[in-house]
1. Report, to one decimal in Å, the Kirkwood hydrodynamic radius for segment 156-209 based on all distinct Cα pairs.
2. Mind putting together the pair-distance distribution for segment 69-134? All Cα pairs, 5 Å bins, whole percent per bin, short to long.
3. Rounded, prolate or oblate for segment 80-210? Axes are the square roots of the Cα gyration tensor eigenvalues, ordered a ≥ b ≥ c, and the cut-off for rounded is a/c under 1.5.
4. Could you work out the local net charge near His79, counting Lys and Arg as +1, Asp and Glu as -1, over the other residues with Cβ closer than 14 Å to its Cβ?
5. Can you give the net charge of the other residues whose Cβ lies under 13 Å from the Cβ of Arg187, counting K and R as +1 and D and E as -1?
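Rule-based calculations on the coordinates, nothing more; no lab input. As the structure is a prediction and not an experimental result, all values here were calculated from the model. FYI the Cβ positions are ideal-geometry reconstructions off the backbone, even for glycines, and counts take in every protein chain you see.
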Amino acid sequence: MPSITSGRDATLLQLQYLTDSLGLRRSYLEEHDSAQGKNASNPLVIHVAADEHENLVKPCPRSLSMPVVRPDIEWHPSHDTYQARVARLAQSQCDRPKMVPEGFPAQVSAPRAWTGSDFSDPEKYLVPLSTADVEEVKAALDHFKSLDDDNGPDAVSRDTFPLPTLGGKLVDVARNVHRGTGFNVIRGLDPRDFSPLDNVLIYLGITSYIAEIRGCQDFDGRMIVHIKDIDKELPDASGRPSPYTNRAQ
């Protein structure tokens, strides 16, 4: 992403302004008065002068006393809520289409068009690791930790975490994830056998053969977050400590 110093790219400027205004700043969206700041050489930083915000569409300010209206969609689907929504739509007498638009298939038939009953047999989605596979993972972990450089998790890749035999099986998993059913379950590693850091390195090493490009999981730019409800462990934390947590766990 190129640096922006003249305001010619209105789309990216608009993205940055709205992101800053809503409090969703990322480490790669940083405002400066000029391109001479400390990140001037970083191609992932958008440099914006203060006067370049003048012509942007600004979000409507909301008073703190105004109620926040959200969709009536619960974490766990409710049939009663659905029925009430159907009744409201019927009362509105909206002339909604009753048929699939012309050119659309009446039924979708594709590897990703499935229901849970299609996977009643675990063999259809499980990828068991053999003893040799596990030993190969351990050898790859030892190889990564033996490298001369002071490598952290960001340095894990196919080159630094070699899996000469298991790698081929993981490529098949990648093919199914991206072009097939969309998921697999890899089973055979016991996280209790490794330290927390080693578990992260192993996870990154295996997934580098499946989806090597990793995205941010939260507004602070973290790429790995837990999904365990830890409210009871952190009673003084504000909000939900773990992103995307289902309290029913």
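1. 12.0
2. Per 5 Å bin, starting at 0, the Cα pair percentages come out as 3, 10, 10, 11, 13, 18, 12, 8, 5, 4, 3, 2, 1.
3. Prolate shape, in that a/c is at least 1.5 and a/b is the bigger ratio.
4. Here the count lands on -2.
5. It works out to a net charge of -2.
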